[in-house]
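The structure appears below as structure tokens.
What follows is calculated from the coordinates using simple rules that are stated; it is not laboratory data. Remember, predicted model here, so these are calculated numbers, not experimental data. Glycine gets a Cβ as well: all are built from the backbone with ideal geometry, and neighbour counts include every protein chain shown.
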Amino acid sequence: MSLIPLKNPNSLSYWCSWHTQNIVAKIDCMEKYPPEEAQRRVQGGDGARLARTMLNEEWVFGENGYAHQYPEVRCDLYFLMDDGWDVDYGIHPDSHNSKFGSLMMSEERFPSTKDHTPAQRMKIINEKLKALGWKGLGIWIAAQRAADDCTAPLGDVDKAYWTERILWSLEAEVTYWKVDWGVHGGNPDFRRMLTELGHELYPALVIEHATGMSPVNAFDHPDAALRGRYMGEEHVAANAKEVMAFSDVFRSYDVLNALCVPTTLDRVGTLLAWSG
């Protein structure tokens, strides 16, 4: 944080809620269960389910809420609400995947937005964050429509759907999207469509893309020399290279805390070398 210039209007840095959601979930488990049981509950998909629960109006704006962090630098940071902001409690991808991607802020989680339009809901939260000194609201996006046919091939319905949501962001003055996992998460055509629509309809909107993968490069590669190396993720890296070419911002994706520096440097170095 100390390297972020204060009051920089062009900063694209953000504080993402996901790691903190996980920490809060772990603390909650440690208070309720023995250590081994608590550790088991915060791993993998179960951990994500718990973390998703730790995002609501009280957690964000309460007395010790997330939005009260980093007072010295938050003028340069988007407050990025991660996975959970646009689904109600108990909605998880293993059983309710079609609910993700709505971009409708959950009124159950954020009661101050109740009975407002989707754009107005985002604007209410955006204005609250700006009043606390943040650059503004950034939002996590599932790479799919929230619909029973979310697995259908891309078409005009998708363009209309995402056009509407880009215009919601325009009305709400939300200028950062983090596009993550989803039915079309690994589809460069979907990501390209979003970027082109964003450039056309709302040029100020920054759309971040990524290519999902394991937190350890080539974790189970049969060639021992390629384990832990991004070049061993040949298909993933090829997808990332294609997506990076048209992205406003490209995220090299999640890593393990203990190996975050070498893993990320290896990914970035490989992509830069392959991109010429």
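Can you tell me the relative contact order of the stretch 179-232? Whole percent, Cα pairs under 8 Å, sequence separation 6 or more.
Values: 41 pairs, mean separation 15.9, N = 54.
Reported as a whole number, the value is 29 percent.
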Under 5 Å, built H, 5+ apart or other chain: amide partners of Gly186: none
From the phi of every residue in the stretch 149-159, what ³J(HN,Hα) in whole Hz does the Karplus formula 6.51 cos²θ - 1.76 cosθ + 1.60 yield, where θ is phi - 60° and glycine or proline is x? 9, 5, 8, 5, x, 5, x, 5, 4, 5, 4
So, with +1 on the Cβ of K and R and -1 on the Cβ of D and E, and no other charges, what is the size of the charge dipole of the stretch 57-185 about its Cα centre, to the nearest 20 debye? 340 debye
Skipping prolines and chain starts, which residues have an amide H placed within reach, meaning under 5 Å, of the one on Ala210, given they are 5 or more residues away or on another chain? Arg251
Length-normalised contact order for the chain - Cα pairs under 8 Å, 6+ apart - percent: 13 percent
The set of residues whose placed amide H lies less than 5 Å from the amide H of His221, leaving out same-chain residues fewer than 5 positions away, is Gly228
Note on the chain, DSSP bridge orientation, antiparallel percent to nearest 5 equals 0 percent
Rough spin-label spacing in nm, given labels placed 7 Å along Cα→Cβ, for Ile27 and Glu108: 2.5 nm
Give me the distance between the Cα centres of the stretch 16-95 and the stretch 243-264, rounded to whole Å. 21 Å
With +1 on each Lys and Arg Cβ and -1 on each Asp and Glu Cβ, and nothing else charged, work out how big the dipole of the stretch 205-276 is about its Cα centre, in Debye to the nearest 20. 140 debye
Can you check what the Kirkwood hydrodynamic radius comes to for the chain, Cα pairs only, in Å to one decimal? 19.8 Å
Extent along principal axes [Cα atoms of the stretch 17-61; Å; largest to smallest]: 31, 20, 13
Longest site-free stretch - the chain; sites: trypsin sites (Lys or Arg not before Pro), DSSP loop, at most 15 other Cβ within 10 Å: 115-226
Can you spot the lysines whose alpha carbon is less than 18 Å from Lys135's alpha carbon? Ignore those fewer than 8 places along the same chain. Lys7, Lys123, Lys178
